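The structure appears below as structure tokens.
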Amino acid sequence: MNDMKKFQLVATAASGIEALVGKEIKALGYDCQVENGKVFFEGTEKDIAKTNLWLRTADRVKIIVGEFDAYEFDELFEKTKALPWEDLLPMDAHFPVAGKSIKSKLYSVSDCQAIVKKAIVNRLSEVYHRNTRLPETGALYQLEVALLKDKVTLTLDTTGPSLFKRGYRSAKGGAPLKENMAAALVQLTNWRKDRPFYDPVCGSGTIVIEAALIGHNIAPGINRSFSCEEWEWFDQSVFEEVRTEAEAAVDHDIELDIMGSDIDGTMIEIAKENANEAGVGSSITFKQMQVADFTTEKEYGVILANPPYGERLGEENEVHYLYKQMGQVYRPLKTWSKYIITSDLAFETFYGERATKKRKLYNGALRTDLFQFWGERPPRAPRA
């Protein structure tokens, strides 16, 4: 294997944010095709390393090993066995097979997994001249068989634990937002690095930390490792190279105006710890404060909030009161843009204003809306 070999790759994403992943992949210099929950692109080993390190909103980067139609189990077996698995899996590879099947004749996921596993074992046993079982004592090569309307896609996960696991969150609050979802929310606002950014219900600090990572151009995966780094055929020097490039790309000089506050002082301490772990502690001001106490003389800022949704019984009134307070405090800030994500579709009623725009997003399995209230634009500078 060499760095010039091109792989068919797919970055997976939560439903509703795949367009952002596509944007990120294009910004890294790749042509791509966006589909539901997936972004397809091509790349070398270096590109696999680079996308794992830099993608803020994706879940995983996978190699597409094969795609074909299968209507019967025999067909699934033969077509899987025909693929050159030995190019990717050494003799001692540990290769569990995950699976899913949607609207396909082969609907039994466990059968599909077992058949794919058996086909690969047969192929590798022939190639490596093994009469006994394969040892599976080596590195992890996580495979997946996914069937959608009888089309089979076989993938190999290069990432390992999902990309949202950046490695900076030592402690979390009650219902933390995943890091890649927080990064997506920041990217969906009109925030620019030279403007104030504020999260009034910051919890363990995820949103403000992701904003600071974006502001300083810090690669989100810079402090973690990935599955493919353990693979014997994967050139390890490419990771050294992309990490060195990522370190050189960090903008240490920019002054960011980012603040996070929360009514709970314990959460503020946790948020500070997480921000320090992420290397952005000095770029964020944290303050224990309730929503009602926010005042500012600053202009053209962004407020991004993920308040409690009142999903639990008895919490509804408290949450509605919070939404009302938000409206009273934020509505007078005419030049600020406000973005609030919640699963409460009646949010605007309590906030007291119709949103400029709403965007449907899934926070895990929960359907939510990002309510957007756009502020006035700054006056254009007169032409010289």
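The values are calculated or read from the model by the stated rules, or taken from the named source; none is laboratory data. Note that this is a predicted model, so its numbers are computed, not measured. Using ideal geometry, Cβ is built from the backbone for each residue, glycine included, and neighbour counts are taken over all protein chains shown. Side chains included, ligands, DNA and RNA excluded: accessible areas come from the protein's heavy atoms. Shrake-Rupley method; radii C 1.70, N 1.55, O 1.52, S 1.80 Å.
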A correct Karplus calculation of ³J(HN,Hα) over the range 353-367, with 6.51 cos²θ - 1.76 cosθ + 1.60, θ = phi - 60°, whole Hz and x for Gly and Pro, returns 7, 7, 5, 5, 7, 10, 10, 7, 9, 10, 9, x, 8, 8, 6
Yeah, the range 251-384 with a ≥ b ≥ c from its alpha-carbon gyration tensor (a/c under 1.5 is rounded, else prolate when a/b outruns b/c, oblate otherwise) is oblate
Most fluctuating of T155, T206, T295 in the GNM of the chain (C-alpha, under 10 Å) is T295
Which of N274, N131, N52 fluctuates most in a GNM of the chain (C-alpha springs under 10 Å)? That residue is N131
In debye to the nearest 20, the charge dipole size for the range 154-300, taken about the Cα centre with +1 at each Lys and Arg Cβ and -1 at each Asp and Glu Cβ, equals 500
Comparing E35, E311, E229 in a Gaussian network model of the chain (Cα, 10 Å), the one with the largest mean-square fluctuation is E311
Once the dipole of the range 277-379 is set up from charges on Cβ (+1 Lys and Arg, -1 Asp and Glu), the residue from the list Q290, N306, W336 lying farthest towards its positive end is W336
When the charge dipole of the range 1-94 is computed with +1 on Lys and Arg Cβ and -1 on Asp and Glu Cβ about the Cα centre, the Cα farthest towards its positive end, among P90, A14, G29, belongs to G29
On the formula 1/(1 + (r/R0)^6), with r taken between the Cβ atoms of L83 and S108 and R0 of 22 Å, the FRET efficiency rounded to 0.05 is 0.55
Matching label for the computed Rg and Dmax of the Cα atoms in Å, out of [x] 23.6, 81; [y] 21.3, 79; [z] 21.4, 70, is [x]
Non-local residues with an amide H under 5 Å from the amide H of F286, with H modelled 1.01 Å from N and Pro and chain starts lacking one, are G260
Sorting I102, I207 on solvent-accessible surface, 1.4 Å probe, most exposed first, gives I102, I207
Everything considered on the Cα gyration tensor (a ≥ b ≥ c; rounded for a/c under 1.5, else prolate if a/b is larger than b/c, else oblate), the range 230-281 must be described as oblate
Rounded to the nearest 10 degrees, the helix 206-215 long axis (Cα) sits at an angle to the longest Cα principal axis of the chain of 80
Per the rule of 0.36 nm per residue minus the C-alpha distance, extending K358 to T335 adds in nm 6.4 nm
Computed over the chain, the relative contact order (Cα-Cα under 8 Å, seq sep at least six) in percent reads 14
In order over the range 157-162: 3J(HN,Hα) from phi, Karplus 6.51/-1.76/1.60, θ = phi - 60°, whole Hz, x for each Gly or Pro, gives 7, 8, 8, x, x, 3
With D257 itself left out, Lys, Arg at +1 and Asp, Glu at -1 over residues whose Cβ is under 13 Å from its Cβ give -1
Given a 1.4 Å probe, the accessible area of the chain per residue, as a whole number of Å², is 49
If every Lys and Arg gets +1 and every Asp and Glu gets -1 at its Cβ, then about the Cα centre the range 230-384 yields a dipole, in debye to the nearest 20, of 1420
Two pseudo-spin positions, 7 Å from Cα along C-beta at D74 and at E136, lie apart in nanometres by 2.7
Note on the chain, DSSP bridge orientation, antiparallel percent to nearest 5 equals 65
Among T189, I120, S237, the residue whose Cα sits farthest towards the positive end of the charge dipole of the chain, when +1 is placed on the Cβ of each Lys and Arg and -1 on the Cβ of each Asp and Glu, is T189
Whole-percent carbon and sulfur contribution to the accessible surface of the chain (1.4 Å, no ligands, DNA or RNA) stands at 48
To the nearest 20 debye, the chain has a Cα-centred charge dipole, built from +1 on Lys and Arg Cβ and -1 on Asp and Glu Cβ, of 1180
Where a ≥ b ≥ c are root eigenvalues of the Cα gyration tensor, a/c under 1.5 meaning rounded, otherwise prolate if a/b exceeds b/c and oblate otherwise, the range 12-101 counts as prolate
